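**Q** I am attaching a structure below and will ask some questions about it afterwards.
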There are 2 protein chains.
Amino acid sequence: MAKDPLPSWRAGKVKSAILDFVARVTDPGGADFVPAPQRIAAFDNDGTLWCERPFLPQFYFASERLDALVKREPELAGRVPFKPYVERDLPAIKQLGKRGLLEVVAAVHGGTTVDEFAAIAREWLGRATNPKLGRRFVDLVYVPQLELLDYLRANGFKCFIVSGGGIDLIRGFAENVYGIPPEQVVGSSERLHFEMRGDKGVIVKEAALASFDDREVKPVNIALHIGRRPILVFGNSDGDLAMMRYALSGEGASLALLLHHDDATREFEYDRDYVISPLSEALEKAGDYGITLVSMKGDWDRVFAG
Amino acid sequence: MAKDPLPSWRAGKVKSAILDFVARVTDPGGADFVPAPQRIAAFDNDGTLWCERPFLPQFYFASERLDALVKREPELAGRVPFKPYVERDLPAIKQLGKRGLLEVVAAVHGGTTVDEFAAIAREWLGRATNPKLGRRFVDLVYVPQLELLDYLRANGFKCFIVSGGGIDLIRGFAENVYGIPPEQVVGSSERLHFEMRGDKGVIVKEAALASFDDREVKPVNIALHIGRRPILVFGNSDGDLAMMRYALSGEGASLALLLHHDDATREFEYDRDYVISPLSEALEKAGDYGITLVSMKGDWDRVFAG
Ligand SMILES: [Ca+2]
Ligand SMILES: [Ca+2]
């Protein structure tokens, strides 16, 4: 018997659905065969590939960056969109949602070049830890998903991230941690411009969000960046529903997977009430829409490495 | 002796510069080594990979589509931005430039889904011919460039198109003709939105240009779509100067190539006076900026296949 390509996935309906789907689309003689260049997979990031609780890693990054900025320019503390963040006013922060967070990220980094940002992000990612789990954010990635990414690539898939998170923060670790290169990362992004600084051409981030890559914007950015309809999509919230329905309404075989965080012991248990990125409609309608529900508790034999 | 990887390139300074650059960045023991994932090449399309004269292929596409639209809705003929196109008023069309053309393309296809557009583009590309050269546009691609793309890929480069042309028209032939998949095509793009039509999710083009991918916007879109600074850039007009300077001001080795259309016998001879996409500053400053000038007449042994 061949080696199990997904050892951290427990035997069951979900694992079988994944193995069966990959077998069907890669069988050159089968009715569901998809040529390799069209085997596009799109993964959400926060809560799908890495842990997003107690709060999004990007929140801790933005807060630290903002504190440093306010130290230099104290008058910013009272201004929109910074105030609730400076005051760590969690109800207000949640109210502003993921978009509000991305707006803070954009505002904090206005004037920073993408090269400067990359260095800042790498430094932070190298040391920043999850306050609840006590481990680095980059180590709190889901082992079953790393196996799935490898398995898909071994079967001719090209795997993309399509995230509501900031595109350049994700690019700071996706290649090392997931094996996903920068050009296969789609995310929220700021307005940018090009300028010559002396004889050096640089790309400068502006203090304005250009694309908040969530919900209906996800399939739009897939069309812009990828130019093909994915045949496999993996998400964990209502923010992924549009790209799931987009994938599922393609011509050929397709698979949409939805991770349900129902494991308070090994990770967190949450869905509708996680205000910043709730899972509600996608959970209720999964059956109607043909979405395959993945239970962290039931379907994953391991969650994190080590 | 190994087989010449660039048989349609004549021996000389330019060919040597290309071979030498690729040898340097792929030599693991050398000072200029670049790991394969960072070997990003960006090619302009119109006039760099395929022939853009007497007029941009996209002009003929837009004109045909517009004529069909005006037949159905005659009142559009007098409206902005259609009037000069309906009247084939070439001086006015040139005045409006490449952006004007892209605005017509956007306006004509407002309400079309990307899937519908792909079918329309494929049908047109399959039959449309260059009125002067009498061959299909897709057959008027430059053989030396096809060899260069293959040579770069064989040496671990990932080749992208970064074009002022409409992204979805290019995606209609780039994979078959250049071996460049849709996700490696960057171009001008319309605003898009996602909607459910019955139980089918579609991406709809809106009648508005979102990004005109020319000049300073090219490096901006490279940062957005690719997320790495290219180490090799190939262009043919001032529209490519910003991305050339961006590539040339990276940390390591880099090469920027500029094709000069100086071959009235085999193709066309033009530069400053081609109003729709002139070559002027890049030509004058090539030496100062470290750009390698490529002469179609001198450096290419063949231009087109057949
Ligand atoms: Ca998520
Ligand atoms: Ca050009």
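**Q** Within the stretch A:274-306, can you find the residues that are crowded, with 19+ Cβ neighbours inside 10 Å and assigned to a strand (DSSP E or B)?
**A** If the condition is that a residue be crowded, with 19+ Cβ neighbours inside 10 Å and assigned to a strand (DSSP E or B), then A:Val294, A:Trp300 are the ones that fit.
**Q** Being without any contact (Cβ under 8 Å) to a residue 24 or more places away in the chain and part of a loop (DSSP other than H, G, I, E, B) is the requirement here; does A:Gly227 meet it?
**A** Answer is yes for this residue.
**Q** Please go through (1) in contact (Cβ under 8 Å) with a residue 40 or more places away in the chain; (2) more than 16 Å from ligand 2 (Cβ to nearest atom); (3) out of contact with any Lys or Arg (no Cβ under 9 Å at 6 or more places or on another chain) for B:Val70 and return the number of the only condition it doesn't satisfy.
**A** All conditions are met except number (1).
The rows are residues; the columns are (1) more than 10 Å from chain A (Cβ to nearest Cβ); (2) under 30 Å from B:Tyr246 (Cα atoms); (3) in contact (Cβ under 8 Å) with a residue 60 or more places away in the chain; (4) among the charged types (D, E, K, R).
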{"residue": "B:Leu133", "(1), (2), (3), (4)": "yes, no, yes, no"}
{"residue": "B:Val138", "(1), (2), (3), (4)": "yes, yes, yes, no"}
{"residue": "B:Asn155", "(1), (2), (3), (4)": "yes, yes, yes, no"}
{"residue": "B:Lys200", "(1), (2), (3), (4)": "no, no, no, yes"}
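**Q** Filter the stretch B:248-262 down to residues that are touching a residue at least 40 places away in the same chain (Cβ under 8 Å) and within 16 Å of ligand 2 (Cβ to nearest atom) and give me whichever is farthest from the other protein chains (Cβ to nearest Cβ).
**A** So, considering only residues that are touching a residue at least 40 places away in the same chain (Cβ under 8 Å) and within 16 Å of ligand 2 (Cβ to nearest atom), the one farthest from the other protein chains (Cβ to nearest Cβ) is B:His261.
Per-residue answers, yes or no, for (1) facing chain B (nearest Cβ under 9 Å); (2) away from ligand 2 (no atom under 16 Å from the Cβ); (3) touching a residue at least 60 places away in the same chain (Cβ under 8 Å); (4) within 19 Å of A:Val185 (Cβ to Cβ):
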residue: A:Ala210; (1), (2), (3), (4): yes, yes, no, yes
residue: A:Glu216; (1), (2), (3), (4): yes, yes, no, no
residue: A:Val220; (1), (2), (3), (4): yes, yes, no, yes
residue: A:Ala223; (1), (2), (3), (4): yes, yes, no, yes
residue: A:Asp240; (1), (2), (3), (4): no, yes, yes, yes
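**Q** Give the residues of the stretch A:131-145 that are part of a strand (DSSP E or B) and either over 13 Å from the mean Cα position of the chain (by Cα) or not aliphatic (A, V, I, L, M) (or both), sorted by residue number. Explain how you work it out, then say what you get.
**A** Just the residues of the stretch A:131-145 that are part of a strand (DSSP E or B), to begin with: A:136, A:141.
If the condition is that a residue be part of a strand (DSSP E or B) and either over 13 Å from the mean Cα position of the chain (by Cα) or not aliphatic (A, V, I, L, M) (or both), then A:Arg136 is the only one that fits.
**Q** With B:Val204, B:Val162 as the choices, which residue is over 20 Å from B:Asn221 (Cβ atoms), modelled with pLDDT of 95 or more and more than 9 Å from chain A (Cβ to nearest Cβ)? Let's see the steps before the verdict.
**A** Working: B:Val162 fails: over 20 Å from B:Asn221 (Cβ atoms).
After ruling out the rest, the residue left standing is B:Val204.
**Q** Collect the residues in the stretch A:19-46 that are within 14 Å of chain B (Cβ to nearest Cβ), surrounded by fewer than 12 Cβ atoms within 10 Å (Cβ to Cβ) and aliphatic (A, V, I, L, M), keeping them in residue-number order.
**A** A:Ala36
**Q** While we're looking at this one, here's another question. Hey, can you tell me all the residues within the stretch A:225-238 that are in contact with a strand residue (DSSP E or B) (Cβ under 8 Å, 6 or more places away or on another chain) and either over 29 Å from B:Glu251 (Cα atoms) or more than 9 Å from chain B (Cβ to nearest Cβ) (or both)?
**A** A:Gly227, A:Arg228, A:Arg229, A:Pro230, A:Ile231, A:Leu232, A:Val233, A:Phe234, A:Gly235, A:Asn236
**Q** Being crowded, with 21+ Cβ neighbours inside 10 Å and facing chain B (nearest Cβ under 9 Å) is the filter here, so list the residues in the stretch A:176-185 that pass it. If you could, list the steps in order and put the result at the bottom.
**A** Taking the stretch A:176-185 and keeping what is crowded, with 21+ Cβ neighbours inside 10 Å, we get A:178, A:180, A:182-185.
A:Pro182, A:Glu183, A:Gln184, A:Val185, listed by residue number.
**Q** So B:Arg88 fits all but one of (1) in contact (Cβ under 8 Å) with a residue 40 or more places away in the chain; (2) farther than 20 Å from B:Val162 by Cβ; (3) part of a loop (DSSP other than H, G, I, E, B); what number is the exception?
**A** Among (1) in contact (Cβ under 8 Å) with a residue 40 or more places away in the chain; (2) farther than 20 Å from B:Val162 by Cβ; (3) part of a loop (DSSP other than H, G, I, E, B), B:Arg88 violates only (1).
**Q** Right, next: What's the total number of residues in the stretch B:33-61 that are in contact with a His (Cβ under 9 Å, 6 or more places away or on another chain) and assigned to a helix (DSSP H, G or I)?
**A** Residues in the stretch B:33-61 being in contact with a His (Cβ under 9 Å, 6 or more places away or on another chain) and assigned to a helix (DSSP H, G or I): 0 in total.
The values are calculated or read from the model by the stated rules, or taken from the named source; none is laboratory data. Keep in mind it's a predicted model, so treat the numbers as computed, not measured. Positions of Cβ are backbone-derived with ideal geometry, glycine not excepted, and every protein chain shown enters the neighbour counts.
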